[in-house]
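Just below is one structure, and these are the notes that go with it.
What follows draws every value from the coordinates through simple rules; no lab data is involved. Everything numeric in this text was worked out from a predicted model, so none of it was measured. Methodologically, a virtual Cβ is constructed for each residue, glycine included, from the backbone with ideal geometry; neighbour enumeration extends over all protein chains shown.
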Amino acid sequence: MLKFLRRFIKNFKEYILLVILSVLSLSILASNDKPQAKRLKAFAFGSFSVLNEFATSLTSVFRKDDSFASLKEENARLMLEVNRMRKAAFENNKLRTMIAFRDTCEYPLIPANVVSKLITKTQGNYIINRGANDQVQRGMPVISQVGLIGIVTDVAGNYSAVKTLNNGNLSIAVTIQKMNVDGILNFDGSNLVIKNVPATFDVQVGDRIITSEFSTLFPPSVPIGTIRKKESNVYGLLLNLYVEPFADIAGADNLFILKVIPSKEINQLDMNLMK
Amino acid sequence: MTRMLLNYVKPFFFFIPLAVLQLVVVPLIAIDSITPNLVFLLVVYYTIREGQIFGTILGFITGFLFDLFSSGLLGSSMFAFTISAFIAGYFYSENKMDINLNTYFFLVIVFLSAIVSSFIYSAINASGSGIGFLFLLVEGALLPSFYTTLFGVPIVVFSSKKEIL
């Protein structure tokens with residue numbers, strides 16, 4: 001028996017090894033959400049990003065001075081402000097009596113630079129040079145000076161991982177600003193798409209898309225993009241809307257983290273409703 | 001003995017700079033989010049040089065480290081590299097190593113194994129997102145594999161020149 005076993009292992013050692021390593025890989029894959037795996041990941045990318053940051057600084061041919069960075073930060077603040085005002089104007093026209101109801105709090109911004117990028121057709125992840133030491137937390141939205149980029153998924157001491165909009169597994173509750181129609185935005189590998197919007201709504205190409213008040217991931221009114229194309233499906237009853245993001249997601253380098261986490265946002269909304 | 005040990009450790013020394021290049025420089029040359037995989041090239045190269053078992057273990061370890069360093073889905077590169085290195089290992093032959101490494105046949109091996117690797121990686125990452133099979137096959141596997149294969153050309157050219165010298 002022992003001889004047979006020894007011969008079996010000798011003859012099929014490659015296959016046995018493959019099976020063992022595959023099972024190990026799959027079990028690690030299944031334990032991605034476990035806190036131990038997250039801690040290990042945060043420690044690993046936090047340490048390795050030091051090298052990436054050094055390499056990034058070498059590849060940055062056009063060095064940005066401080067005034068440029070502060071102007072970009074100011075631009076991002078103004079973008080959020082303009083968007084809030086635009087939304088307020090829409091609401092003012094529709095619901096004059098409720099104008100004081102809106103949450104008008106400002107979000108503090110944490111400027112950050114992209115240290116490394118993992119880009120494929122199915123996932124887009126960045127590592128940025130701000131982490132827990134800069135009070136970054138999991139769930140904080142990440143924007144550029146023109147629009148939404150993604151969300152912080154893991155945080156190490158000085159670095160954070162960001163899941164971008166170009167990620168098949170990120171679904172965002174959005175609103176078509178002009179008509180206040182809600183939908184779910186997804187990445188289909190090539191485009192950002194809002195699927196199954198009733199064709200009865202008069203949606204036009206060029207309409208602005210912002211994060212919805214119902215979003216559990218993002219604060220409301222963060223600009224995302226505009227409708228680039230609409231396509232009808234199911235006998236013309238429903239529409240698929242293709243969204244052109246405001247931000248250059250693949251080419252982003254200077255980003256801002258909105259220092260707000262959704263639960264606090266929801267809490268504030270709840271408090272507003274109780275007024 | 002020391003030399004043999006060095007041969008086994010060598011790929012891990014190359015892994016660090018290649019992973020940095022993959023995460024910092026490669027995004028700059030991405031064509032519509034299609035990127036070559038330099039770390040995978042390393043895995044295939046050493047699989048053909050050192051054999052199937054070594055390659056499979058190398059794929060497993062480098063995949064795991066790459067998942068950790070890139071903040072990607074833990075286990076996705078690991079599984080993809082393990083399977084594809086095992087497949088690339090079928091082309092290992094001590095007698096034909098020169099042909100497999102120094103001729104353009106190396107690119108065929110890279111292309112075939114890269115298709116498997118990219119497809120597995122894309123399929124794992126796209127699970128639950130509703131992305132179709134054809135998209136995964138063409139844009140998730142074929143095109144990145146072709147791009148990765150292009151980066152294998154310098155290896156062949158360099159190896160064959162070294163051989164002549």
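The ranking of B:L150, A:L192, B:L134 by Cβ neighbour count inside 10 Å, starting from the fewest, reads B:L134, B:L150, A:L192. Distance from the alpha carbon centroid of region B:8-81 to that of region A:153-208 works out to 31 angstrom.
Going by neighbour counts of Cβ atoms within 10 Å, the residues A:T59, A:T211 line up, fewest first, as A:T59, A:T211. By the Kirkwood approach, averaging reciprocal distances over each pair of separate Cα atoms, the protein assembly as shown gets a hydrodynamic radius of 23.7 Å. With the highest mean first, a sort of the peptides A:14-27, B:53-66 on other beta-carbon atoms found within 10 angstrom per residue produces B:53-66, A:14-27.
May I have the convex hull volume per residue, in Å³, for the Cα set of region A:37-262?
Value for region A:37-262: 129 Å³ per residue.
Exposure proxy shown here: for B:S113, B:S160, B:S70, the number of other Cβ atoms within 10 Å sets the order, fewest to most, as B:S160, B:S70, B:S113. Counting Cβ atoms of other protein chains within 10 Å of each residue's Cβ and taking the mean over peptide B:123-130 gives 6.
If a/c stays under 1.5 just call it rounded; otherwise compare a/b with b/c (prolate if a/b is bigger, oblate if not). Do that for chain B, with a ≥ b ≥ c from the square roots of the Cα gyration tensor eigenvalues.
Working: a/c = 1.68, a/b = 1.47, b/c = 1.14.
Since a/c reaches 1.5 and a/b is larger than b/c, the shape of chain B is classed as prolate.
Calculated mean residue ellipticity at 222 nm for the protein assembly as shown: -16000 deg cm²/dmol, from DSSP H runs with n ≥ 4 weighted as -39500 (n - 2.57), summed, divided by the residue count and rounded to 500.
Residues whose amide H comes within less than 5 Å of that of B:S33, counting only those at least five positions distant or on another chain, are absent (H built at 1.01 Å from N in the peptide plane).
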